[in-house]
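These notes are about the structure you will find just below.
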Amino acid sequence: MARIMTILDEIARSRQQDVPLIREILNNGLLAAQTQNRQKLSSMLDYELGISVISELKPGSPSKGQLIKIDSTMTTDLKRITTPTVKNIREKVIAMIDGGARAISVLTEPIRFSASFGNLLKVCELIGENVPILLKDFIISEEQIRLGKLCGASNALLIASICDPLRLAKIMKKHDLEPLVEIHDESDLDRIKVLKDSDIKIVIGINNRNLKDLSTSFIPTYKLISEVHKIFGNTQPVITESGISDRGDIIELSRLDVNGALVGTIIMKSNIKNKVKELVGNSQPFIKICGVTDSDILTIFPRNIVTAFGVIVDVPTSPRNITTSEAKDLFEKSPKYLQRTIVTKGKTIDEVLKLNEMIKPDLIQVHLKNYAFVEQLPKKLYKKLLVPIKMNTLGVEKTIKTINSLPPSVFGIVLDSSEGSGQLIDLNHAKQIVKSCKKYKIILAGGISERNVNYIYNEVQPFGIDVSSSLEENKGKKSPALVQNYIHKIKKIKKSYF
């Protein structure tokens, strides 16, 4: 049965018209070459450090139309290919990098995306070689690949459904461009199996867009990720593309063993730096509500306001203690945009790894008697461990010394004064510690409530806030009314931050 034509086929066919023009540009040296040894996308992606955000310079799209103002004064076909279309391109790409993007994708298709190779050349001139840059086009010819390399790209998009994947991947390798091999469904995955036994290093991208109606959902990533790893192995770098709008989406996708997320439309339509910061998780404050014992309360934790929740496991002395099976059930019922945290104490590394495997949390907060545990941190716990430190017990100087001795592989530090008792943290001491430990994400806990959270946050400026007992009328049970009052106050902090 003949394959149904999609919008990808239509665009690929139209790109054929530009091949003679691109050949003329190459033959006559009409675009200045960039002699670069740029880092490849695969070397930047790291399973152990969470999802990397790849920010896309995307002037327009077939589904959303024009996204930003462009220069539409090109007078010839050659200028349409070689002239930058994006106004204030420097400010935009610098904002992406400052926001925390690990790589940049640059569209070059002129008709439906209002883009050009001129945009790619300009971005490669502006951004250092340590940042991978993707040539994002509907590539059907060697000429496009050669021009992308000439502009300074490190990677090139290979759309499995519109080409012979092995042939095109070989051409990309010949020109020192690492392929980002894009698939949409099982038939695409079947087409790229030929790359498994080749000597070509690739990144695989799972696109979440429905090619019939241009809608997006994460179903393709959910369906294909395990099959990709089954065929290509667990160390194969994989990114997810399309439909990502906020940090909640990133948190959800981080549980699927993807290394990166390519995001374009929502970044172009927003304040670029702030949006990228939000996506990578650098937008303060990090708001965690701890000691949750039932799933009903989670339904009133609003997206992009509350960041995480914690459950206390294997701590019999706590009124909020629940079993591992109860924690697992609660995690399964929780909204996907919330980071799920286990809070426990007195565990060995092996016991923590067992909890990690059984319950599959996003973060693990372990109360420790000494910090040798952290120095031996296995890679499975990288960027997952929250280290609580009882500041009132250690004192300021020892607390600062302890924090600065911890490895950068921890997720963050919880400056705690109470372990759920409600005792207020010493704000002057907390302020000194935050200023002296700027490399670490410091989260304050102890005596924080809706009455003082704004003052405490503005006074100390920590990475985040952790609350528990102040949201309870009856010990061990969160009160919906108190939670909603607290959230109302938190919204004001979020608003003032942005």
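Once backbone amide H atoms are built at 1.01 Å from N, VAL387 has GLY412, ILE413, VAL414 as its partners under 5 Å, excluding neighbours fewer than 5 places away on the same chain.
By definition, a body whose alpha carbon gyration tensor gives a ≥ b ≥ c is prolate when a/c is 1.5 or more and a/b is larger than b/c, and region 287-368 fits this prolate description. Take the Cα radius of gyration of region 175-321 and divide it by 2.2 N^0.38 Å, N being the number of residues; the result is 1.29. Each peptide in 324-331, 38-45 receives the mean, over its residues, of other Cβ atoms within 10 Å, and ordering these scores from highest gives 38-45, 324-331. The dipole here belongs to the chain: it is taken about the Cα centre, uses +1 on the Cβ of Lys and Arg and -1 on the Cβ of Asp and Glu, and is about 980 debye.
What angle, in degrees between 0 and 90 and rounded to the nearest 10, separates the Cα long axis of helix 349-359 from the longest principal axis of the Cα atoms of the chain? The helix 349-359 is inclined about 70 degrees to the chain. Overall size of region 286-497 from C-alpha positions, given as principal axis extents largest first: 40, 39, 29 Å.
Under 19 Å Cα-Cα from LYS212, which lysines qualify once same-chain neighbours fewer than 8 residues away are excluded? Result set, ordered by chain and number: LYS64, LYS223. Taking a temperature of 25 °C and a viscosity of 0.890 mPa s, what whole-number D in µm²/s does Stokes-Einstein yield for region 123-214 with Rh from Kirkwood over alpha carbon pairs? Approximately 180 µm²/s, per Stokes-Einstein. In terms of Cα to Cα distance under 20 Å, which aspartates and glutamates are near enough to LYS328, apart from those fewer than 8 places away along the same chain? By straight Cα distance, LYS328 reaches GLU252, ASP257, ASP294, ASP296, ASP314, ASP350, GLU351, GLU357, ASP362. In this simple spin-label approximation, LYS230 and GLU91 carry label points 7 Å from Cα along the Cα→Cβ vector, and these lie 5.0 nm apart.
Charge dipole of region 286-497 (Cα centre as origin; +1 on each Lys and Arg Cβ, -1 on each Asp and Glu Cβ, all else neutral): 740 debye, rounded to the nearest 20. Under a 5 Å amide H cut-off, with hydrogens placed 1.01 Å from N, CYS290 pairs with GLY310, VAL467, SER468 among residues at least 5 apart or on other chains. Ordered from longest to shortest, the equivalent ellipsoid semi-axes for the chain are 46, 23, 21 Å, each the square root of 5 times a Cα gyration tensor eigenvalue. For region 7-280, would you read off the P(r) tail past 30 Å as a percentage of all alpha carbon pairs? Looking at region 7-280, the distances longer than 30 Å represent 21 percent of pairs.
Bear in mind these aren't lab numbers, they're just calculated from the coordinates by the rules spelled out. Only a predicted model underlies this, so the values are computations on that prediction, with no experimental measurement involved. All Cβ positions, glycine included, derive from the backbone under ideal geometry; neighbour counts span all protein chains shown.
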